[in-house]
There are 2 protein chains.
Amino acid sequence: MPSRPPAEPTRSGRPRSAAADAAILEATRASLVDLGWSKLTMGDVAARAGVAKTTLYRRWAGKNELVVDAVAVLFDELELPDLGSLAADVEAVVLQFAALLERPETKTSLMAVVSESTRDEALRNRIRDSIVARQKRLVLRGRERARDRGELPAEPDAAMAARTADLVFDVIAGAVVHRALVSAEPVDTDWARRFTLLLLSGLAAAAAQPARTACQKPGGSV
Amino acid sequence: MPSRPPAEPTRSGRPRSAAADAAILEATRASLVDLGWSKLTMGDVAARAGVAKTTLYRRWAGKNELVVDAVAVLFDELELPDLGSLAADVEAVVLQFAALLERPETKTSLMAVVSESTRDEALRNRIRDSIVARQKRLVLRGRERARDRGELPAEPDAAMAARTADLVFDVIAGAVVHRALVSAEPVDTDWARRFTLLLLSGLAAAAAQPARTACQKPGGSV
DNA sequence: TCCTTACGCTACGACCCGTAGCGTAACTGT
DNA sequence: ACAGTTACGCTACGGGTCGTAGCGTAAGGA
């Protein structure tokens, strides 16, 4: 339901074709794969979907909104598995997220819409609601599950817990995105394992020592 | 010296105007501020720079390359301060980087060119050489300095040290970018401090315990 | 049956792209 | 001083996309 009018219970007149919605979003993803973000045009999407160009503009304000909706459903695939330990769960979700970023549809368009959103608050909200919020739930569920397992201490201060969750979210999502799209190097099992070790070690150690000095320990490698 | 021909020692004929280069790059930044990435056009940049549009195309292949060069010089401002401790240094550089991302020129264009680079290897290399590499140096210098201070153990395995540096780089840059541009929330002193604590705690603890299990400790908050 | 809304289609002005062609300007070598 | 070479400004152009208007038709609801 990507259409703009928030909710109108029963409207008279001809209803919008749900099949057209599906065809358009599918055509958008296909066009992203073939042409990439910059060469994707509204006319091309309309032609692929077997729909008039005007129909697109009746539902979406432009390319940005259309692509966000087309890509957002892919994030529904993300799930937090229950593999018995927090480390295994984090590692798995990192690999899932990386696999999603490897898909040409997302690879070419995610950063583009984020870039556009820096000058468009409505678009920013749309991205937050339909993409970012879905990812953040995984972090909250992961923390919840780890607390039930006894792997992380219960956080008495709710506000502080929320800020920590935000921090962890930006670290995980940011690191994976940066590795995959900016550094353009593979997020493989080895990288995911090393990253997870770094993150969880940091969470545990920082929880034990909230001071603000650097710690020094001898030892091996990360 | 953004022009494509790598190096031709002594060329005959009229030399390219260095003043025009400077004016064009300056005009590009100004146009980014006023119009943003998507509405920036080559014609507008040429007009602002007081230069013919054809001159732009004689030096840059297109918008992508031009903007990368125009923004790259801003990254020269980044420096790793020497504040006495690794934590303070990291915190400061995080804030510097965040301030850079707050500038409208970078905010609107960095992710856009990264997005374009997913389908253009030459652009990817250009970004890596003129932007990413400059940031990565800060990580290497930071580690070097921390080792001299005794804050981090010397890493005997050079290959492993390089991989750790890459990991740390993606974590720092990725987290800051994600916080600033995707979550669109401020990277303030508090956030930088909490992030730094998490990172450095993780580095120290993970170095001491390279195993692959999650660690559980009691304690307060990050 | 009337009313309302969605759809397909065509056409349109506006804008931007990237290039070709030309005459002129600037610098190099002999 | 002169020819050779390259850069520059300017104009003009075909090709493409944008986003919208207008029209007739299709598909539901009262």
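The values are calculated or read from the model by the stated rules, or taken from the named source; none is laboratory data. This is a predicted model, so every value here is computed, not measured. When we count neighbours, we look across all protein chains shown, and the Cβ atoms used for this are built from the backbone with ideal geometry, even at glycine.
Among the residues of the range A:43-97, just one is among the basic types (Lys, Arg) and more than 14 Å from DNA strand C (Cβ to nearest atom), namely A:Lys63.
Only one of these is closer than 24 Å to B:Ile127 by Cα, in contact with a Pro (Cβ under 8 Å, 6 or more places away or on another chain), modelled with pLDDT of 95 or more and surrounded by fewer than 17 Cβ atoms within 10 Å (Cβ to Cβ): B:Val93, B:Val33, B:Val73. Name it. Walk me through how you get there before you give the answer.
Numbers: B:Val93 fails: surrounded by fewer than 17 Cβ atoms within 10 Å (Cβ to Cβ); B:Val73 fails: in contact with a Pro (Cβ under 8 Å, 6 or more places away or on another chain).
Being closer than 24 Å to B:Ile127 by Cα, in contact with a Pro (Cβ under 8 Å, 6 or more places away or on another chain), modelled with pLDDT of 95 or more and surrounded by fewer than 17 Cβ atoms within 10 Å (Cβ to Cβ) holds for just one of B:Val93, B:Val33, B:Val73, which is B:Val33.
Among the residues of the range A:61-78, those that are more than 10 Å from DNA strand D (Cβ to nearest atom) and touching a residue at least 24 places away in the same chain (Cβ under 8 Å) comprise A:Glu65, A:Val67, A:Val68, A:Asp69, A:Ala70, A:Val71, A:Ala72, A:Val73, A:Leu74, A:Phe75, A:Asp76, A:Leu78.
Report whether or not B:Val45 is part of a helix (DSSP H, G or I) and within 15 Å of DNA strand D (Cβ to nearest atom). Write out each step before concluding.
Numbers: part of a helix (DSSP H, G or I): yes; within 15 Å of DNA strand D (Cβ to nearest atom): yes.
Against the criterion (part of a helix (DSSP H, G or I) and within 15 Å of DNA strand D (Cβ to nearest atom)), B:Val45 qualifies.
In the range B:40-60, the residues that are more than 10 Å from B:Ala27 (Cα to Cα) form Cβ pairs under 6 Å with partners that are more than 6 Å from DNA strand D (Cβ to nearest atom) and hydroxyl-bearing (Ser, Thr, Tyr), at six or more places apart or across chains, as follows: B:Leu40/B:Ser31; B:Arg59/B:Ser3.
Annotation for the range A:96-114: no member residue is more than 23 Å from B:Ser117 (Cα to Cα), hydroxyl-bearing (Ser, Thr, Tyr) and at pLDDT 95 or above.
Hey, can you tell me all the residues within the range A:15-30 that are within 11 Å of DNA strand C (Cβ to nearest atom) and crowded, with 19+ Cβ neighbours inside 10 Å? Hit for the range A:15-30 is A:Ile24, nothing else.
Selection of the range B:64-85 for residues being of a type in the set (D, E, K, R) and outside any loop (DSSP other than H, G, I, E, B) yields B:Glu65, B:Asp69, B:Asp76, B:Glu77.
Among the helices (runs of 4 or more DSSP H) contained in the range A:86-201, which hold 1 or more residues that are farther than 24 Å from B:Ala98 by Cα?
On the way: elements: A:86-102, A:104-117, A:121-127, A:133-149, A:158-177.
Fully inside the range A:86-201 and qualifying: A:86-102, A:104-117, A:133-149, A:158-177.
For the range B:126-172, name all the residues that are buried (at least 19 other Cβ atoms within 10 Å of the Cβ) and small (Gly, Ala, Ser). Those that are buried (at least 19 other Cβ atoms within 10 Å of the Cβ) and small (Gly, Ala, Ser): B:Gly142, B:Ala146. Scanning the range A:1-30 for residues that are closer than 25 Å to B:Ala112 by Cβ and either at pLDDT 95 or above or within 12 Å of DNA strand D (Cβ to nearest atom) (or both) yields A:Ile24, A:Leu25, A:Ala27, A:Thr28, A:Arg29, A:Ala30.
The single condition among (1) within 14 Å of DNA strand C (Cβ to nearest atom); (2) surrounded by 14 or more Cβ atoms within 10 Å (Cβ to Cβ) that A:Leu40 does not satisfy is (1).
Count of the range A:43-70 residues, restricted to those that are aromatic (Phe, Trp, Tyr) and buried (at least 16 other Cβ atoms within 10 Å of the Cβ), is 1.
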